[in-house]
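**Q** For reference, the structure I am asking about is given below.
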Amino acid sequence: MPEQDPKVRARNFDEVPLGFTPEMAKLEALRCIQCKNPACVDGCPVEVDIPGFIALVAEGDFIGAAKKIKSTNALPAVCGRVCPQEVQCEIQCVRGKKAEPVAIGRLERFVADFERAAGEVSIPEKPAPTGKKIAVVGSGPAGLTVAGDMVQLGHDVTMFEALHAAGGVLVYGIPEFRLPKAIVAAEVDYLKKLGVKLETSSVIGKVATVDDLFEEGYDAIFLGTGAGAPSFMKIPGENLNGIYSANEYLTRSNLMKAYRFPEYDTPIVRGKNVAVIGGGNVAMDAARTAMRLGADNVYLVYRRSRQEMPARIEEIHHAEEEGIQLNLLTTPIKYIGNDKGWVTSMECLRMELGEPDDSGRRRPVPIEGSEFTWDVDAVVVAIGSGANPLVQETTPGLDTNKWNNIVADEETGQTSREGVFAGGDIVTGAATVILAMGAGRKAARAMHEYVMSK
Amino acid sequence: MAAKILEKEQLSENVFKLVLDAPRIAKKRKAGQFIVLRIHEEGERVPLTIADADAEKGTLTIIFQTVGKSTTHLSEMNAGDELLDLVGPLGQPTHIEKIGTIACIGGGVGVAPVYPITEAMKKAGNHIISIIGARDKSLIIMEDEMKAVSDEFIVATDDGSYGFHGFVSQALEEKYLLQGKKIDLVVAIGPVPMMRAVCDTTKKYNVPTVVSLNSIMVDATGMCGACRVSVGGKTKFVCVDGPEFDGHQVDFRELIDRQRIYLDEEKECMDHYCTCKQQGKGGL
């Protein structure tokens, strides 16, 4: 798939991959051998009819292909961009055994974009109303999926979002160059056209509790509040000016559009020498954002080796192409600041890999006496995030685990409270968009059964 | 959700009061909580303490000082205008109980957030000593409101133009602590140097002191950590753990540094706003 030149794109916020042309899409679709028992579908958490939509692409019926995907996946333009297809559908592809697997994700993205650009986004016929009221708390990938599924079953769905824009991590977390915000807005708009009511700037747990929602007449409630609490390393100097959580850094840039300051009011520190701590997709997003904000050097600092990096290979590749410098087997132990409280340097340790730990990955062990410092004027800590506590602390009887994630049945999303379901990062801890959508799909099925049998 | 401005009043040269139509928040809010507002699409998220609310009328009162672009823009809005977004109530409410004698201290625009706490503490049966202060007489706000919920009342001005000549911390010490009068709790809200001075004073006399911090925030729901502050050596988030903390444990030095992160950008943004206004691109 054609992409923007790395040197050019490292300084702009436009999308990196340019997408297939219709000819490229058709050619790629013809590579699909239409397996009788398609393993790729088994790899998809929302069970998209992959051979079915690809056959339509091969015929040139792109709109039909988009409709086919949308019958099981409300967010194809998003999933085509941010799903880790290489470990889900594409890894199962028979063609991948001898050559490249069929580019399922790129085809999905192509048909969703084609449909949107053609202005032919079709609205399915409205189902008969069931008279049941459903509250969806959080409008990220899990919430969007639940809202889309439930409204199409005829329920009266209201989606509550704490921030001023819907989309959750899709708008505050994932940068414009990886997922243009206009696409998220279009997907949310589609749900509104289906009949979903959206209440932004509504923090459930504050303006209304779960119990308040039941009192207001909701029959079932889905909690998809995400992994919204940033983790820090709790090392000296971490509160110095210029040190951000990845959540803050990305929210400033993505949701608040700080990269367009002063046209937009929200500022962001534009460091010249920026260190990003972590090795996941969020760390890659933060590092590539720092580069686009004008850094001379962006250092990615990760305590294990390349093999253990949780980021998608494609993201690491993109980051390196754009000039991000990987500093592996390295961890910060202390930040040093000036008399005005600004970070000026960081002290690090080199690591080596020891025995495997609980995660099965080899544990990084500090090399004694390997301390060294280097100059930085901004740092982004991207080592993961925990559960946002606002709903849990105001919902009596809602069971949580030791990380304060909500305990929910894996197959149904059922929580310890009757009529309350949960899914996505708030249950699993920080994971992927598509896993949250898969959890939303299962919870929607169970919620439908629950409200209809009530 | 959008919110309409119902009333506007200028309380001093750069302090304004807005009454907003916000029934859901008005019904839920408790003393000590705050809201976040956004004026327009390009706007930042501005946290402001709730100064008052009327659950029956469904109104919310905010009082703010013009310090940068957003607050200047807000001060130029009028009754009938609409804020693009209003979210709240946020933060932990003040712990209200009958303790005994409570000194409620407000400095400058900090009188606004101290008022609902004073009112609630009075209602809970406490003996209230209010001390409000400002640089000079013209900057004193909410004098009548504070008097109405206080048993004892002192106004202090830095220049002596009205009431006690000196800082609120000095008034507290000279009029009460030095004289051995028993105070069970101090609640102090205002500029950071004022809160620090009050805490330095009350520490000497071992009087528990609660302060309400106004850190820089983005989402204000515990998601970003912009507002982190060291309290007793531990990092806390002002938006969800606060905004009130034990003043004797707060690292004020760090707080002051962190409040200055965007000084240059704030000036640039203000200049940009003024230029745009001159060019007739009002409402930017």
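**Q** Mind checking the mean number of beta-carbon atoms from other chains within 10 Å of the Cβ atoms in B:224-231? Walk me through the numbers before you get to the answer.
**A** Values: counts 14, 14, 8, 1, 7, 1, 2, 0.
Per residue, the average neighbour count from other chains is 6.
**Q** Would you mind checking the tilt of helix A:433-453 against the longest principal axis of the Cα atoms of chain A, expressed as 0 to 90 degrees and rounded to 10?
**A** 40
**Q** Mind giving me the FRET efficiency for A:ASP61 and A:ARG31? R0 is 22 Å, r the Cβ-Cβ distance, nearest 0.05 is fine.
**A** Values: r = 17 Å, r/R0 = 0.79.
The value I calculate is 0.80.
**Q** Report the charge-dipole magnitude of region A:263-380 in Debye, nearest 20, computed about the Cα centre from +1 at each Lys and Arg Cβ and -1 at each Asp and Glu Cβ. Write down the numbers at each step before the final one.
**A** Values: 14 positive and 20 negative charges, 28 e Å.
My answer is approximately 140 debye.
**Q** Given R₀ = 25 Å, what would the calculated FRET efficiency be for A:GLN325 paired with A:THR373, taking r from the Cβ atoms and rounding to 0.05? Spell out each step's value before the answer.
**A** Working: r = 16 Å, r/R0 = 0.65.
Given R0 = 25 Å and the Cβ-Cβ separation, E is 0.95.
**Q** Take B:ASP158 and A:LYS340, extend 7 Å from each Cα along the Cα→Cβ direction, and tell me the distance between the two endpoints in nm.
**A** Those two pseudo-labels are separated by 2.2 nm.
**Q** In degrees from 0 to 90, rounded to the nearest 10, what is the angle of the helix A:141-152 Cα long axis to the longest principal axis of chain A?
**A** So the helix axis and the longest Cα principal axis differ by about 10 degrees.
**Q** Next up: Determine which lysines satisfy two conditions relative to B:LYS175: a Cα distance under 21 Å, and not lying fewer than 8 residues away in the same chain.
**A** B:LYS122, B:LYS137, B:LYS147, B:LYS203, B:LYS204
**Q** Only bridges whose two residues both fall in chain A count here: according to DSSP, what percent of them are antiparallel, nearest 5?
**A** Details: 20 of 52 bridges.
In chain A, approximately 40 percent of DSSP beta bridges are antiparallel ones.
**Q** What is the Cα centroid distance between region A:355-390 and region A:160-198, reported in whole angstrom?
**A** Result: 31 Å between the Cα centres.
**Q** Can you report the principal axis dimensions of chain B using only the alpha carbons, biggest first, rounded to whole angstrom?
**A** Largest to smallest, the principal-axis extents are 59, 40, 38 Å.
**Q** Continuing with the same structure: Once each part is reduced to its C-alpha centroid, what is the distance from region B:99-141 to region A:63-97 in angstrom?
**A** 60
**Q** Quick check for me: using +1 on Lys/Arg Cβ and -1 on Asp/Glu Cβ, what's the dipole size of chain A about its Cα centre, in debye to the nearest 20? Let's see the in-between values first.
**A** Details: 49 positive and 61 negative charges, 100 e Å.
Taking the Cα centre of chain A as origin, the dipole is about 480 debye.
**Q** As a check on your grasp of the helix formula, calculate [θ] at 222 nm for chain B: sum -39500 (n - 2.57) over DSSP H runs of n ≥ 4, divide by the residue count, round to the nearest 500.
**A** Details: 9 runs with 78 residues, N = 284.
Helix-only estimate at 222 nm: -7500 deg cm²/dmol.
**Q** What residues from region B:16-55 fall in the zone where the backbone N is under 20 Å from a label point 7 Å along the Cα-to-C-beta line of B:ASN78?
**A** Only B:16-21, B:39-40 pass the distance filter.
**Q** Relative to the longest principal Cα axis of chain A, at what angle does helix A:50-59 sit, 0 to 90 degrees, rounded to 10?
**A** 80
**Q** Here is a further query. Determine, from the Cβ-Cβ distance of B:CYS274 and A:SER453 and an R0 of 56 Å, the FRET efficiency 1/(1 + (r/R0)^6), rounded to the nearest 0.05. Let's see the in-between values first.
**A** Working: r = 63 Å, r/R0 = 1.12.
Between B:CYS274 and A:SER453 the formula returns 0.35.
**Q** Which length gain, in nm to one decimal place, applies between A:ALA118 and A:MET24 when the Cα-Cα distance is subtracted from 0.36 nm times their residue separation?
**A** On the way: separation 94, 0.36 × 94 = 33.84 nm, distance 1.79 nm.
Stretched out fully, the A:ALA118 to A:MET24 stretch lengthens by 32.0 nm.
**Q** Between region B:11-27 and region B:210-229, how many Å separate their Cα centres?
**A** 21
**Q** Antiparallel DSSP bridges in chain B: what percent, to the nearest 5? Walk me through the numbers before you get to the answer.
**A** Numbers: 35 of 58 bridges.
Expressed as a percentage, antiparallel bridges in chain B total about 60.
**Q** With charges only on Cβ, +1 for K and R and -1 for D and E, what is the dipole size of region B:3-90 about its Cα centre, in debye, rounded to 20?
**A** Here the size comes out at about 440 debye.
**Q** Leaving out ligands and nucleic acids, and using a 1.4 Å probe, what accessible area per residue does region B:3-90 come to in Å²?
**A** Details: 3440 Å² over 88 residues.
Ligands and nucleic acids excluded, the figure is 39 Å² per residue.
The values are calculated or read from the model by the stated rules, or taken from the named source; none is laboratory data. Note that the structure is predicted; figures quoted are calculated from it, not measured. FYI the Cβ positions are ideal-geometry reconstructions off the backbone, even for glycines, and counts take in every protein chain you see. These area figures cover heavy atoms from the full protein model, side chains too; ligands, DNA and RNA do not enter into them. Shrake-Rupley method; radii C 1.70, N 1.55, O 1.52, S 1.80 Å.
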